[in-house]
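J.: Before I ask anything, here is the structure I am working with.
A short reminder: the numbers here are calculations on the coordinates, not readings from a lab. Predicted model only: the values in this text are computed from it and were never measured. Using ideal geometry, Cβ is built from the backbone for each residue, glycine included, and neighbour counts are taken over all protein chains shown.
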Amino acid sequence: MDWFVYMVETECGALYTGITTDPERRFLQHQGEQAGGAKYFRGRQAKALVYIEPHIDRRAASKREYALKKLARKDKLALVATYKAKPTD
């Protein structure tokens with residue numbers, strides 16, 4: 001099963017980082033459209049899924065999530081900008 005590290009931008013511009021096996025489903029959960037969203041989004045509105053990075057297993061995704069959470073905001077925004085600049089298949 002593939003795992004993904006993802007970032008969600010909130011209405012106030014904050015970036016939330018997490019891991020999942022289904023980024024689109026998880027985003028809907030964070031928006032409140034499906035049950036199971038993170039507590040972080042109580043009182044915050046998820047605006048956009050701005051970054052997705054695939055990993056081979058949960059362990060690799062968790063390690064990368066930890067590393068991303070330690071990045072400075074400007075570094076996270078640079079990562080998001082490179083993701084948005086990639087052509088879609």
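J.: Which shape class applies to region 3-85: rounded if a/c is under 1.5, otherwise prolate when a/b exceeds b/c and oblate if not, where a ≥ b ≥ c are the square roots of the Cα gyration tensor eigenvalues? Working shown, then result.
T.: On the way: a/c = 1.67, a/b = 1.15, b/c = 1.45.
Here region 3-85 falls in the oblate category.
J.: What length, rounded to one decimal in nm, is gained on full extension from GLU24 through to ALA72, with 0.36 nm per residue of separation minus their alpha-carbon distance? Mind showing how you got there, number by number?
T.: Details: separation 48, 0.36 × 48 = 17.28 nm, distance 2.52 nm.
Length gained between GLU24 and ALA72: 14.8 nm.
J.: Can I ask one more? Let me check I've understood the local charge: for GLU11, count other residues with C-beta under 14 angstrom from its C-beta, Lys and Arg +1, Asp and Glu -1. What total comes out?
T.: Details: positive: ARG42, ARG44, LYS47; negative: GLU9.
After counting each charged neighbour, the total is +2.
J.: From the helices alone, meaning DSSP H stretches of at least four residues, give me the mean residue ellipticity at 222 nm for the chain, per-run term -39500 (n - 2.57), in deg cm²/dmol to the nearest 500. Numbers along the way, then the final one.
T.: Values: 3 runs with 35 residues, N = 89.
Dividing the helical sum by the residues of the chain leaves -12000 deg cm²/dmol.
J.: Do any GluC sites (Glu not before Pro) in region 7-65 lie in a loop, going by DSSP, with at most 15 other beta-carbon atoms within 10 Å of their beta carbon, and if so which? Walk me through the numbers on the way to the answer.
T.: Details: sites: GLU9, GLU11, GLU24, GLU33, GLU65; in loops: GLU11, GLU33.
Answer by residue number: GLU11, GLU33.
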